[in-house]
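Let me begin by presenting the structure, written as structure tokens, before commenting on it.
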Amino acid sequence: YDVHDELLSFMSSGIYRFSGSNVVFVDPVRVLSNSYSRFRINSAGYYSRFFGVPSKGNDGNSVDSSSSMKNKKRKRNSQSLNEREKSAENRHQNARPFLVSAYESFQRATDLLHFLPSLLKEDDSMPDKCDTELNFIELGSLWQAPLYEISLSLPMENIPAEGGSQPSCCEGRAVPVFNNLIRNQSSYDLEADFLNRQYILPGKCRFFMSDLRRVHDLIPAQPDYGYNLIIIDPPWENGSVYQKAVYPTLPNRYLLYLPIKQLAHIDGALVVLWITNREKLRAFVEDELFPAWGVADISEFFWLKVKPDGSLIGELDLFHHRPYECLLLGYINAKNVNSEKIPKNKVIVSIPGSHSRKPPLGRLLSEYVPGPKPARCIDLFARELVAGWTSWGNEPLHFQDSKYFLQR
Ligand code: SAM
């Protein structure tokens, strides 16, 4: 099993493991496409911010290279930092060796580096900007929301013909789209119509589109129907005006309201929480949120963001724009799990998609998930669906719009 084999396995799985290290590279387009039978993710839609941008080769953004004067000025002098900034800087300095060594492993994988620009398939074209998507957040808050229906239809070839004759059309089953648990019970991709737009639902997926006030409707009636893997990507408040325009944010204390304990499977659950690089948030999660949810045995992973030319998306030491994000992992009721199995400081490297879109983690985490297999998985504050998973949030159909897909 040599380097070349690793690239071959990456081409089908979307995951490249760097031997002898806790580092993986992920191509979300390949990983997500594995959820579909008749469709695949359009790479130009996923990697839209890099699509059509000529690849300049490594532009000197490597970790230790010198940077422009402008960037140097934006680096903070440690004497001018307040207490909280100092502790953030300390945390960064502790993470730095893992990030630098991960980036070095990535840079050594020359077969992968050569392959990176082709992750943006040239024959995939950008979805039309004028082709406007629906705003589920807005629609869901209207008084008419309970009246909106989505119609799910199986493609013709999957409908068994009665009495030998082909059905002339495929019947759509209309169900309320908001505050309703919708499932694709088949193993095939379903197409769903809602207000003149089409959505692609992967096999065996379930979703519940609602505001936080209805999240308790997800609590399973029987504890052995609970979830073994719970991924949470909250709309944390931050200063960015742009973010406020993209989706509404929630004050930290509202997260205490999430029924994580009740969602967990009785045999235990791995809980994964995306956090931002803000120190105040970290203290809230460690001192209040995780204890309230009953999450213990915490480890930390990093998501390091690179461009298609292999350089970091920004300088590693810039104070307010780190080219990485953190995720915290912990267990609920992990009687039978050996949390020692979770490596400390694992680094996931990938090319970022749209604003705030996270790489898919299911495959990477499956070995640490407790309880029966296949694991029951849920994505909270989701903007997409995954085959076999449950997705909840106020816009879980967001990236399921057919404009983000191509036929296989
Ligand atoms: N994990 C997602 C991805 O990779 O694309 C990004 C999630 S984003 C950080 C947070 C999501 O929470 C947004 O879709 C936002 O609309 C949603 N959200 C904000 N307020 C909410 C609320 N009160 N109830 C439900 N969802 C909410």
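The values are calculated or read from the model by the stated rules, or taken from the named source; none is laboratory data. Treat the numbers as computed from the prediction; the structure is a model and nothing was measured. We place every Cβ from the backbone using ideal geometry, glycine too, and count neighbours over all the protein chains shown.
What to note about this one:
- Test: residue in the stretch 356-364 that is more than 25 Å from residue 16 (Cα to Cα), outside any loop (DSSP other than H, G, I, E, B) and among the basic types (Lys, Arg): no
- The residue that is farthest from the ligand (Cβ to nearest atom), counting only those in the stretch 201-236 that are under 14 Å from residue 36 (Cα atoms) and either small (Gly, Ala, Ser) or assigned to a strand (DSSP E or B) (or both), is 203.
- Counting the residues of the stretch 255-280 that are within 21 Å of the chain's Cα centre (by Cα), at pLDDT 95 or above, farther than 23 Å from residue 343 by Cβ and surrounded by fewer than 20 Cβ atoms within 10 Å (Cβ to Cβ) gives 1.
- In the stretch 292-312, the qualifying residues are those that are among the charged types (D, E, K, R) and under 22 Å from residue 93 (Cβ atoms), and the one that is surrounded by the fewest Cβ atoms within 10 Å (Cβ to Cβ) is 305.
- Taking the stretch 109-124 as the range and being without any contact (Cβ under 8 Å) to a residue 12 or more places away in the chain and farther than 19 Å from residue 50 by Cβ as the test, only 110 passes.
- Residue 289 being within 16 Å of the ligand (Cβ to nearest atom), of a type in the set (A, V, I, L, M), in a helix (DSSP H, G or I) and surrounded by fewer than 20 Cβ atoms within 10 Å (Cβ to Cβ): no
- Whichever residue in the stretch 365-394 is near the ligand (Cβ under 10 Å from one of its atoms), in a strand (DSSP E or B) and not hydrophobic (A, V, I, L, M, F, W, C) and, among such residues, is farthest from residue 275 (Cα to Cα): 391
- Among all positions in the stretch 186-200, there is no residue which is over 19 Å from residue 375 (Cβ atoms), within 11 Å of the ligand (Cβ to nearest atom) and more than 21 Å from the chain's Cα centre (by Cα).
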